[in-house]
Every structure is written in structure tokens, then in C-alpha cells.
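Worksheet: one structure, shown below.
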């Protein structure tokens, strides 16, 4: 089966799964099919969804960024801290985005320039950036942001959509174009499938990787700010542990952990699958713990079943010939 | 010197460089903290790294084969909780049997991982990210919010972490640390001298070649996960003995500490190189930092930021030292080695961004 | 004369009437179908399970035909999980949500959205700090009282000579832990406690392992430490084990808030001679009664409203003196446990 065929079948599988889940939820809960619920379903995990987009690019590029949740927390804390120190909100937001870019540059330096494995660098980042966030806020919670800021996070802005949801769709289209329609996107695939070969053919591998990590941290910082706007208050533990959920969504989207394979449509469908599944289970009064292992099981089965299917059909074909 | 260069490869000195870094850290802390050079400090670090080390040995085997096991924290919690519950209700249980059950339970969870990775051909990250959630989820659902408490456990288990197996002067070598040491030594010898165990390296450094010469890749990968599960089960028992109070939260997040130890210990995350001794030294390095930073008198809130920075510096200086050693060893060999451990060296030869 | 008597009687009845009307007897409204959600900080630890038990007891007494939903997030996802559960409950149109809030003011937007749909939001165990989005808080005990009790126990254990002590808390973000620590610091200003010296506050994140190592680190860092005060049931028992393993129980004592069933051994062997707690079963029971009455429109969340909560007797809604705004119902009291009463309570 060609690579394209595999990808197409992956998306078809996700789409079928999504349709099944939506059908099941619609029958199972009278509250599922409503505009309000669909907005909530997006809104409740919108920051993770946003970060999943750049995580997909990083993983397709053959690397991993474990520090995204800590960068989200760091950005939110930098914003709250500078705002609390009397800086106007727009400047505080810029400072938070700046902190995100700095974190990204730091990751990029060690990975792309020094050549350390991204797993090690971003694991240190996961601990370290969270630590900086803690230094800033200690045991405080900072809220009382301007109304316009809370409105961005909490109120419908475009039709029934909140700003964060709108930003997600804009970023989705943007990154889809970057990944699938630009020269840079092709480089990401080339670097992800074989960095060595890419280097020999003159690709500036370091530069591509640096761009991925700075982009990842910048988008994580943006997501952290949106998260703060949604909750209206910031603490040192903002977004703690989100990285595993984000990576789960990307892998469920058919992106290969070894790099070079996957696309944003698959990731988008996987996000919809997870969000609808969680929402349906939530409306059926199933606790978060059970939701987690249903999604964990789904993650494994989504790869296992097609593999076994292929194995079986191969055997069958083998017998025919 | 030339003789040395012929006999020893830079990778083998890697552990030595980490040891130097650890000693440097100890000297640094010792000059700022009163009573730092004491048996108590030794015991603190030794006890804190024992459990991580046992899991890190298993993780090293998995990582050597180009895989990763993220479910170890859940396996540790699972076995600690269920073996704890079992012992709490059957206080008369034979200690050896209890340990055997813990190891078997861990191994069984490892079998699940191993089968799906090796024969299901599902990437290890995907499998173990899933079982991380599944094992923990089953634990929470089955537990009914009960906690294993110290007073329900038999005395031998409560006393176990304090047992002093090798009193050297007034220095205690406690049972759990000794157990971790024995495991490290056994696996170090095994992976160095047993031809079967060399397969972990062969498969990780070049899977295609391993397949060509007919190595049973699937069985070896499977075995790595089973051993990792079994050692995590043993670590679960150690966790039960050391902390006594086991909630459904036990061992949560341990996977990150273990991966950190393995990475700091110089085990290549792309497989094929690294040693269990290195993983232990990685655990000791992180344990030393964690245990000492607080006593340095810096605020609780600064700990993680400093720890993150130091882990990064440890990994970076390790890479730099290795690079220097390779240059020292000469250019001809460098190319050969660069091929073997593709990531570190090849990235460095890349044109700067 | 008779007319006068009758008039007096009528007056007496009139005088008595408002009281009857205010002290709403829950039994009068029982049997109504009220869908309610009990939301703990997270699932998997004993205190919240006990609160659930108490709430179920109240549900049975009030003959609510709609079963109580006991829904909780996972510990690693407590904040986002609580917000998700509140939002989903709002979508489902339940009548009331009872929250042990672990999200500080971050839950406010979700709680306000619930209120906007007519859902009663009652907090118990841990309130919403700004009290926005909350109808009333069912407080286990007075928070400033917790501060005083913690200071008293510390003084008691450190002895009249006083000495150094440290606090082993849950996470730096646990709003009620922070409120209690603040209350204790206020209490310590009393000259009575002048000889007590709070040297450090550390966090065990409500994990046994982290709490254990934090307690060890404290005794290493402060060799002359007298007392560790741990206002969390996970921290206190892990800390007690650490002191016992260090064979330091004759020098350093641990105290705070703990569950008798978990603390029994340490109270008997002198590592934790005394500690305090309230009944989580009663707290769940009272929270359910309060919320049921509010949701059945038999009680208004306003200052001075009185009601009778089954076996626990009469309660009044008052202003919460420990927060800037907000209403509370004060359950109380504390029980101080020591070697004389811990065994009976542990059963």
C-alpha cells in the first residue's frame, strides 16, 4: 500500500469513527445536538487543540516538544505578573508572547545548534519553564484582568464562536497551507523523514528545526494567554500536564512519531474525535478517569487494528497467489 | 595514551565524565551547606534514587532497542497499590512471595506493552501513552478511593527500608539501595558479556542490519518491555516498602523522572548506545541536585527552574565532553563513531542555523 | 379578658410565625425530583468518598427520586476537569452543583454560566475565593478558627519554650490550604505564640512520596525543628511516616489535619500526638441538605435565612467573615484527636 493510500485510509477511519461517535452521542444524550454544546465542546479544550497544530509540525519534522504546557503556563504567568506590576494589558500580552519566543529560542539553540536530542532539551524545559512560572507567581493567583480581556476568552465574538475558536480555525488553515502548500512544509517532511539525507542535499536542517521550535513555543504562549482569558485568573499550575493530551491527539491524527508522515487533516479529525468523545462521555456522567483510559485505548487500537487488518489481508493475498 | 585510545572508546568514558560532574556538584554543595558531607546526606540521596534507578535500568533496555516505555509510572503505582492491598489483608504472606507477585504483576503489564509493540507493530510511544492512561484508570476505578496505610502492613515490610545490609563504619547501606545496586551490577554484566543481551544494542543501533543477520527482533523488543515491566513491578514493591501510605496517585509522573535519568545518563534516545550504569548515574545526578538544592536555602519556588537548568547543562556538558573526547581520539575514528550515534555528533557537524 | 388573652395568644403566634417560616423544615419539601451533582476536587482519596457517603445519606432522607451524580476529575487534570464537569452539568440543565473547589477563581466563568441558567452553585470544603458565581459556601469550620487551632496544637507540641516549626502544605495553588496558612500566620501574631518561629513552608502536592521527602528535607535543613504542621490529610500521614523512619519522633512532632483511621498508629506511637479534623460525612450531608433546599426553592441564599438539616439540626446563612464577599453556612466543630479518642474514631 502506498504512503498516500495509508494516509487516506487513516483519515477515512477517523472520519468514520467521528460519524459513529456523533451518531451515538446524538442518540445517547438529548443535550448533545445544540449549538451551545458544540461551542462548549471546542471551547473546553481549545488551547490544547491550538497547541496540537504546531506539535503536529514538530513531530512531522522528526522531533518532539514536551515543554509546550510549561510554556503555556509561563506565558500566562508572565502576563499576569507584568499586569499586576502595573503594566497595561496589551504590553503584558506582548511580554508573554516575548517569553514564549525566548523559550522557543532556548529550545532551538540546544536542539538545532548544539545538537542535543529534543526529548532531553524539552524535558528540561518542561521542568524549567514551569519553575520560572512558579518563581513569578509563587502561591498567588492573579486575576482582575480588564473586561475586554476576559470577554475575548469567554464571550461569543463571531456568531456563536469565541475568539479562541476563531483563532484555532485561522491557525489551522494557516498551518495547513504552511505544511502542505509551501516550500518550508516540504522541508519539514524531508527533515523529518531523513535529516541526514536532507543535510547532504543542502537543506539547512538546523534552521528548519529552529523555526519549528520557536513556532511551537510562540503558539503555546498564545494558547496560554487565551487559556488565561478563558479562566479569568492565573496560577502557577496553569496547563500543567497538557503535553500528554496534546501528543495523544497528534498521534491519533496519524502523525508518525518517527517523523516525516502525517497531515493536518488527520490531526483535525483526531481532535474532533477526542472532543466529541469526551463531551459525549461527560454528558453521560462518565468521569474523567474513565474518559482518559477510553481515549488511551482508542489511541492504541487506532494503530493496532489497521496493522492487524493489513497483516490479515496480506496473508490472504499470499494464499491466493 | 595510544594504548588507552585503542582499548577504550569515548562512549565508555561517558560514565566517567558524568561521575566527574556528580563529584563536582557534591563539592559545590558541600562548600555551601553545613554538615553536607554526612552519612545522612548519603542515605537521603541513596534512598531517593533507589526506586528510580531500578525502573531506569528497565527503561534503558527499552530505549536501547529504539523504543520507550511511558507507562512505567502507572505500572509502579498499580503494583504498589495492589500488592499493598494484598499484604494489608493477608499480613502473614511470605515476603518472597509478595515480591514475586509484584514482579509478576509488573511483568504481566509489560507483556501487554511488549506484545502490542513487537507483534502489533504499534509505535512504543503510542502504546505506552495509552497504557499510561489505562493502567492508572483501572487502578483508580478498582480502588474505591481506599488508601493503603502503614498500620495495615506487617512489621517486616515497614522495617525493610531501614534495614542496614552492609554497615561500613557508621555508613549505612540500606536494603533498597543495595537491591538497586545489585540490579544495576547484574544488568551491567549481563548486557556487557552475554551475547544474547548484546542484541539489545545490535537491534537499536541498526535494525535493518539486525534483521539481515537474522536476529529475532520481535522477541528481543518484547523481552525488553517485559523486563522493564518486571523491574517496575519490583520498584512498586520498593515504593510500598519505603512510603507505606499508598494512594491511587502513587508513582504518578515517575515516567518523566525515569526518562530524565536515562537521558542525563547518556543513553541515546535513538537507541543503540548507553549503559545501565549510565542510567543509574543519571538518577544519582538528578537525585543529588533534588536533595541538595533545597538545603542550599533557596526558596521552594526556585527549585524547578534551577533543576531544569541543571539537567540541561548536565546533558549539554556531557555531549561537549564526549565531542572533545572524540576529537582527541582522532578524525578517522570520529567518522565511524558519528555513524553509530547519529544524533549528537551529526547535528553538531551541521551548518549553524 | 378573654379577648385580651386571645389577642396575646395571636401576638405570640404572630411573633412565632416568622421563625417557623424561616427555619424551613426540610422534611416539608422532601420527595422532589432535584438533579444534583457532587463535585469533589478529584477522585481517589478517602475524604471525598466520605463526603459522598454523607450526601447519599441525606439524599435518602429527603427521598429525592433523582440519583445523585458523584463526578470528579483526575488529580492531574483537576482544574480543567472541574470546569468541564460544571460546563457539562450546565448543558444537561441539572438543578444544582456542589463543588469542592480546586480551581480558585478560575472556575468563576463556568460557575457564573451555570447560575445564569438557574442552577444553584454551592461550594463545600473549599470555596470560590472571590465568591463570584457561588450561592453559598458550606464551611466545615471557621477558617480563622483553623488558624488558631493549628497555632494551639503547634504550641502544645513544641512546649512552653516554643521553637521552630514548618508547614507542609498540599500544592501552592490550593486556595483553602493557603487561606488556612494565612489564618495561622494571623493567629501567630498573638503574643501567646511569640516563641513559635515559622521557618518554612513546603509543598507535597498531596502526593505521599513528595510529602514524605519534603518532611525529610525539613528535618535536614532545620536540625532544631520542633514541629511540622501539615493541614492536609495526605501530607500529615506521609510526614508522620518520614519522622518515624528517621527515628525522630521524640524530637520532632507532626500535627495538622488528618483522618483518624490513617493516623491511628502515629498517634499511639507518639509521632503525631494530636491532630484535628471535622467529619467529611457530616459535611457531605449538610452540603446536600443545603443545596436541595435551595434548588427546591425552599430556602433562599441570603443573610439570616435559617433551615433545619435533618439529624444535624438548625443552621443559619451568614456573611462569610473570612472572605471579602460571600455567604456561608458554618458546620463546625473541630474534633481534636489524641491517644484517648483516636481509636474510637478510627473505626
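The values are calculated or read from the model by the stated rules, or taken from the named source; none is laboratory data. Just so we're clear, the structure is a prediction, and the values are computed from it rather than from any experiment. Because the Cβ atoms are built from the backbone with ideal geometry, glycine has one as well, and the counts that use them run over all protein chains shown.
For the range C:253-347, list the strands (runs of 3 or more DSSP E) that sit wholly inside it and hold at least 2 residues that are under 30 Å from residue C:225 (Cα atoms), touching a residue at least 40 places away in the same chain (Cβ under 8 Å) and under 18 Å from the mean Cα position of the chain (by Cα); which are they?
C:253-256, C:275-277, C:335-337
Determine if the range B:81-96 includes at least one residue that is surrounded by fewer than 20 Cβ atoms within 10 Å (Cβ to Cβ), within 13 Å of another protein chain (Cβ to nearest Cβ), at pLDDT below 95 and not in a helix (DSSP H, G or I).
Taking every residue of the range B:81-96 in turn, none turns out to be surrounded by fewer than 20 Cβ atoms within 10 Å (Cβ to Cβ), within 13 Å of another protein chain (Cβ to nearest Cβ), at pLDDT below 95 and not in a helix (DSSP H, G or I).
Would you mind stating whether residue B:110 is in contact (Cβ under 8 Å) with a residue 24 or more places away in the chain, surrounded by fewer than 24 Cβ atoms within 10 Å (Cβ to Cβ) and more than 9 Å from every other protein chain (Cβ to nearest Cβ)?
Against the criterion (in contact (Cβ under 8 Å) with a residue 24 or more places away in the chain, surrounded by fewer than 24 Cβ atoms within 10 Å (Cβ to Cβ) and more than 9 Å from every other protein chain (Cβ to nearest Cβ)), residue B:110 does not qualify.
Determine which single condition residue A:288 fails, assuming it passes every other condition in (1) more than 9 Å from chain B (Cβ to nearest Cβ); (2) without any contact (Cβ under 8 Å) to a residue 12 or more places away in the chain; (3) out of contact with any helix residue (DSSP H, G or I) (no Cβ under 6 Å at 6 or more places or on another chain).
Answer for residue A:288: the failing condition is (3).
Quick one: which of B:140, B:63, B:122 is more than 29 Å from residue C:267 (Cα to Cα) and either in a helix (DSSP H, G or I) or more than 12 Å from chain A (Cβ to nearest Cβ) (or both)?
Exactly one residue qualifies, and that residue is B:63.
Could you figure out which of (1) surrounded by fewer than 17 Cβ atoms within 10 Å (Cβ to Cβ); (2) touching a residue at least 40 places away in the same chain (Cβ under 8 Å) isn't true of residue B:215?
(2)
If we scan the range A:81-93, do we find a residue that is within 14 Å of chain B (Cβ to nearest Cβ), within 20 Å of the chain's Cα centre (by Cα) and touching a residue at least 60 places away in the same chain (Cβ under 8 Å)? Working first, answer last.
Of all residues in the range A:81-93, those within 14 Å of chain B (Cβ to nearest Cβ) come to A:81.
Those left that are additionally within 20 Å of the chain's Cα centre (by Cα): none.
For the range A:81-93, residues within 14 Å of chain B (Cβ to nearest Cβ), within 20 Å of the chain's Cα centre (by Cα) and touching a residue at least 60 places away in the same chain (Cβ under 8 Å): absent.
Enumerate the pairs (first residue in the range C:191-213 and more than 14 Å from every other protein chain (Cβ to nearest Cβ) and without any contact (Cβ under 8 Å) to a residue 40 or more places away in the chain; second residue anywhere and part of a strand (DSSP E or B) and surrounded by fewer than 23 Cβ atoms within 10 Å (Cβ to Cβ)) with beta-carbon separation below 6 Å, excluding pairs fewer than 6 apart on the same chain, so at least 6 apart or on different chains.
C:197/C:164
Would you say residue C:253 is in contact with a helix residue (DSSP H, G or I) (Cβ under 8 Å, 6 or more places away or on another chain) and either more than 10 Å from every other protein chain (Cβ to nearest Cβ) or at pLDDT 90 or above (or both)?
Here the answer is yes, as residue C:253 does meet what is asked.
Testing residue C:218 on (1) crowded, with 24+ Cβ neighbours inside 10 Å; (2) not in a helix (DSSP H, G or I), one condition comes back false. Which one is that?
Just one mismatch for residue C:218, condition (2).
Which of the following residues is under 21 Å from residue B:275 (Cα atoms) and surrounded by fewer than 23 Cβ atoms within 10 Å (Cβ to Cβ): B:210, B:261?
Answer to the selection: B:210.
Scan the range B:307-320 residue by residue and report those that are touching a residue at least 60 places away in the same chain (Cβ under 8 Å) and surrounded by fewer than 19 Cβ atoms within 10 Å (Cβ to Cβ).
B:317 - this is the single residue of the range B:307-320 that is touching a residue at least 60 places away in the same chain (Cβ under 8 Å) and surrounded by fewer than 19 Cβ atoms within 10 Å (Cβ to Cβ).
Please determine, by comparing only the residues of the range A:113-151 that are within 27 Å of residue A:231 (Cβ to Cβ), surrounded by fewer than 20 Cβ atoms within 10 Å (Cβ to Cβ) and within 7 Å of chain B (Cβ to nearest Cβ), which one is modelled with the lowest pLDDT.
Restricting to residues being within 27 Å of residue A:231 (Cβ to Cβ), surrounded by fewer than 20 Cβ atoms within 10 Å (Cβ to Cβ) and within 7 Å of chain B (Cβ to nearest Cβ), the top hit is A:138.
Identify the single condition in (1) out of contact with any strand residue (DSSP E or B) (no Cβ under 7 Å at 6 or more places or on another chain); (2) more than 9 Å from every other protein chain (Cβ to nearest Cβ); (3) buried (at least 24 other Cβ atoms within 10 Å of the Cβ); (4) farther than 18 Å from residue C:44 by Cα that residue C:110 does not satisfy, given that it satisfies every other one.
(2)
Before we move on, is residue A:32 assigned to a helix (DSSP H, G or I) and either within 14 Å of chain B (Cβ to nearest Cβ) or farther than 16 Å from residue A:219 by Cβ (or both)?
When the stated conditions are applied, residue A:32 does not pass them.
Any chance the range A:239-257 includes a residue that's within 14 Å of chain B (Cβ to nearest Cβ), more than 18 Å from residue A:298 (Cα to Cα) and surrounded by fewer than 20 Cβ atoms within 10 Å (Cβ to Cβ)?
The answer is yes, given that some residue of the range A:239-257 is within 14 Å of chain B (Cβ to nearest Cβ), more than 18 Å from residue A:298 (Cα to Cα) and surrounded by fewer than 20 Cβ atoms within 10 Å (Cβ to Cβ).
Which residue is nearest to residue A:279 (Cα to Cα), if the candidates are limited to the range C:93-106 and must be at the interface with another protein chain (Cβ under 8 Å from one of its Cβ atoms) and out of contact with any helix residue (DSSP H, G or I) (no Cβ under 6 Å at 6 or more places or on another chain)?
The qualifying residue nearest to residue A:279 (Cα to Cα) is C:93.
Of C:62, C:46, C:38, which residue is at pLDDT 95 or above, more than 9 Å from chain A (Cβ to nearest Cβ) and either surrounded by fewer than 24 Cβ atoms within 10 Å (Cβ to Cβ) or touching a helix residue (DSSP H, G or I) at 6+ places or on another chain (Cβ under 6 Å) (or both)?
C:38
Here's a check for you: in the range B:43-60, which residue that is over 8 Å from the mean Cα position of the chain (by Cα) and within 12 Å of chain C (Cβ to nearest Cβ) is nearest to residue B:166 (Cα to Cα)? I'd like the intermediate steps shown before the answer.
Looking only at the range B:43-60, we keep the residues that are over 8 Å from the mean Cα position of the chain (by Cα), and these are B:43-51.
Next, only the ones that are within 12 Å of chain C (Cβ to nearest Cβ) stay: B:43-45, B:47-49, B:51.
Details: B:43: 13, B:44: 16, B:45: 17, B:47: 15, B:48: 18, B:49: 18, B:51: 19 Å.
This residue is B:43.
A quick yes/no check of all residues on (1) more than 12 Å from every other protein chain (Cβ to nearest Cβ); (2) over 30 Å from residue A:298 (Cα atoms); (3) free of Cβ contacts under 8 Å to residues at least 24 places away in the same chain:
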| site | (1), (2), (3) |
| --- | --- |
| B:126 | no, no, yes |
| B:136 | no, no, no |
| B:145 | no, no, no |
| B:173 | yes, yes, no |
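Would you be able to say whether some residue in the range C:72-81 is away from chain B (no Cβ under 14 Å), touching a helix residue (DSSP H, G or I) at 6+ places or on another chain (Cβ under 9 Å) and at pLDDT 90 or above? First the steps, then the outcome.
Initially, the range C:72-81 is screened for residues away from chain B (no Cβ under 14 Å), giving C:79-80.
Checking the rest, the ones that are also touching a helix residue (DSSP H, G or I) at 6+ places or on another chain (Cβ under 9 Å) come to C:79-80.
If we keep only those that are at pLDDT 90 or above too, we end up with C:79-80.
The answer is yes; a qualifying residue exists.
Could you look through the range A:39-80, keep only residues that are within 14 Å of chain C (Cβ to nearest Cβ) and more than 19 Å from the chain's Cα centre (by Cα), and pick out the one that is nearest to residue A:146 (Cα to Cα)?
A:80
For the range A:154-167, does any single residue satisfy the condition of being within 23 Å of residue A:212 (Cα to Cα) and either within 14 Å of chain B (Cβ to nearest Cβ) or free of Cβ contacts under 8 Å to residues at least 60 places away in the same chain (or both)? Quick ask: steps written out before the conclusion?
Within the range A:154-167, the first condition is being within 23 Å of residue A:212 (Cα to Cα), and the residues that meet it are A:164-167.
So of that shortlist, the ones also either within 14 Å of chain B (Cβ to nearest Cβ) or free of Cβ contacts under 8 Å to residues at least 60 places away in the same chain (or both) come out as A:166.
Yes, the range A:154-167 contains at least one residue that is within 23 Å of residue A:212 (Cα to Cα) and either within 14 Å of chain B (Cβ to nearest Cβ) or free of Cβ contacts under 8 Å to residues at least 60 places away in the same chain (or both).
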